[in-house]
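Notes to accompany the following structure.
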């Protein structure tokens, strides 16, 4: 746990930063949680191990990678950075780590449209909502909400009876979740800053309790006011939980549900999201008996009984593998980390379907990009992914992956006389990461059609050209020309005249 001063961190964090341990580096959030659970008597480390893992070596999906850079703090230049979450506006909450001898400290930031903005000395952030509000902590460990356009830092205070409580997740209603620590009792409790027993009252700090043991930790909250985290039902294992604000037998309040009742293995939840069909998704991982880990996806429909959660082991191939899920979007795309197919390195992973093998995100960027993507922490509904990895200069940096998709289809002429041709061009939003096939179709081939069924935009290029041929017509006819690449289609209407 980071010390309550601006320029120091604990011995545990110092040990994490020494030597070549960066390859197994976790976000400060996850390091903090590991330290939390150590205090509960169970150390959890997702260290890279040479274990079989079913990860697809390549994907039709391709991405443009952006280095999010580092902050400066006076005369100090940041050593490392990491991106935690991204909202649908493309705003990223990140963190820069600084080092001066044996002193280490971190400063939170917001990346937007190519610029990295500091939250300010002593402030760190971990979660972001669609309004650009960031949940995090100040130098005293109080939960805060920070926003760029106002510069205001709202101090949410401390859960009564506890010593400090960093904020971790935030939803669009400004509900913040996190974990509170009590020095006196040496325990952690999940909290939610939101409504309490009075649904018409003001927001307050709420102790979410535990599943029966001594500790609980909250990591994310969605717009259904579902908090995802994990707790100790019997102090021997941890179980993922969902804590929901609802009207219960004792009135309004936060009810905690065990997502793995009866499971003798430990499970942990790190991210959640609300689906358009009222489904809530929660992702995390399970610690198996052989010390490997399996990524998890939980789901339930808000119109049904809240205890009816469905659990899916992501990519269950029957082999031992080590992977973990940290983020999920409304399309059910899940991101996290694991071991590559060669069993030699930690890699960032994307799962497009829980039943299918994960995709090593290093195979979705140009082979000459020079990046080693280690971990994916978050994904938004546009499919943009954030995390951390080694950049071409071998510096540990936060990254942003933006899907490379078809951006435009244009015809030189909007109207032609039948029998003439019309030159056409297509363009991608970024240069192709690898050769990209663009499929071409027509709504009425007898009147107007591309002269080829597809074209290829070569790696490193952004545009391609083709020709639309037309036939003579007796009356004005409207034909739709369509181009499709990487799951995105663009269309134009061509008017063919007699």
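Below are the figures for this structure:
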item	result
Pair residue 288, residue 102: separation of 7 Å Cα→Cβ label points (nm)	4.0
Ordering of 465-476, 363-374 by burial proxy (mean other Cβ atoms within 10 Å per residue, highest first)	363-374, 465-476
Those residues of the stretch 178-220 whose amide nitrogen sits under 14 Å from the label point placed on residue 163, 7 Å along Cα→Cβ	180-189
Cβ crowding within 10 Å averaged over residues, with 243-252, 91-100 ranked highest first	91-100, 243-252
Largest-first ellipsoid semi-axes for the stretch 340-498, taking √(5λ) over the Cα gyration tensor eigenvalues, angstrom	41, 14, 12
The stretch 331-402 and the stretch 461-498: distance between their alpha carbon centers, rounded to Å	36
Calculated diffusion of the stretch 406-497, Stokes-Einstein form, Kirkwood radius summed over Cα pairs, 4 °C and 1.567 mPa s, µm²/s	98
Stretchable slack from residue 459 to residue 173, in nm (0.36 nm times residue separation minus alpha-carbon distance)	98.7 nm
Ranked 283, 152, 416, 227, criterion: other C-beta atoms within 10 Å, fewest first	152, 416, 283, 227
Inter-site label distance for residue 412 and residue 475 at 7 Å from Cα along Cβ, in nm	3.0
Ascending count of other beta-carbon atoms within 10 Å, so fewest first, for 259, 313	313, 259
Point-to-point label distance, residue 112-residue 497, nm (Cα→Cβ direction, 7 Å offset)	4.8
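Values quoted throughout were computed directly from the atomic coordinates according to the rules given, and no laboratory measurement underlies them. Just so it is clear, the structure is predicted and the values come from calculations on it, not from any experiment. With ideal geometry, Cβ positions are generated from the backbone for all residues, glycine too; neighbour counts draw on all protein chains shown.
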